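Contents: one structure, followed by commentary.
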Amino acid sequence: MTRAFLALCLVIGLALPAAAQRSGMYDVTGTNPDGSEYIGTLELEQVGLLSFRLRWVIGPDVIEGVGMVSGLTLATAFSLGGGSGPSMGVYELRPNGQLVGQWTTIGAFAAGQETATPR
């Protein structure tokens with residue numbers, strides 16, 4: 001009985017960070033590594049206990065990626081296309097539902113900043 005209870009607590013404990021993050025649409029504001037600003041949307045779709053499918057629409061560009069929640073952090077991987085190479089981001093999950101973080105592309109010498117606010 002004790003082992004079953006501990007196993008249940010572990011499963012619930014793993015599910016809580018993902019539960020803190022919700023699927024849906026987000027408004028995005030950000031700054032590219034070169035300092036230029038952008039706005040757009042982000043759609044999050046939970047596809048596993050801790051995993052998400054991501055789809056940004058920034059102007060005419062559609063960027064698709066994946067993410068994984070660990071604690072209060074969402075780590076992402078995506079491709080900007082155009083030969084830029086793999087990209088990644090790390091976001092803090094805020095109590096108000098916002099995602100606030102940094103992103104970069106392999107080989108870049110700067111990072112972008114981004115905030116995604118749930119609609």
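The values are calculated or read from the model by the stated rules, or taken from the named source; none is laboratory data. Every value quoted in this text rests on a predicted model; they were computed, and no experiment measured them. Note: ideal-geometry Cβ built from the backbone for every residue, glycine included; neighbour counts use all protein chains shown.
Numbers below:
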| quantity | calculated |
| --- | --- |
| Flag for residue 42 being at pLDDT 95 or above, of a type outside the set (Gly, Ala, Ser) and under 14 Å from the mean Cα position of the chain (by Cα) | yes |
| Selection count, the stretch 45-64, where residues are surrounded by 15 or more Cβ atoms within 10 Å (Cβ to Cβ) and either more than 15 Å from the chain's Cα centre (by Cα) or touching a residue at least 24 places away in the same chain (Cβ under 8 Å) (or both) | 6 |
| Those residues of the stretch 82-119 which are of a type in the set (Phe, Trp, Tyr) and surrounded by 15 or more Cβ atoms within 10 Å (Cβ to Cβ), in sequence order | 91, 103 |
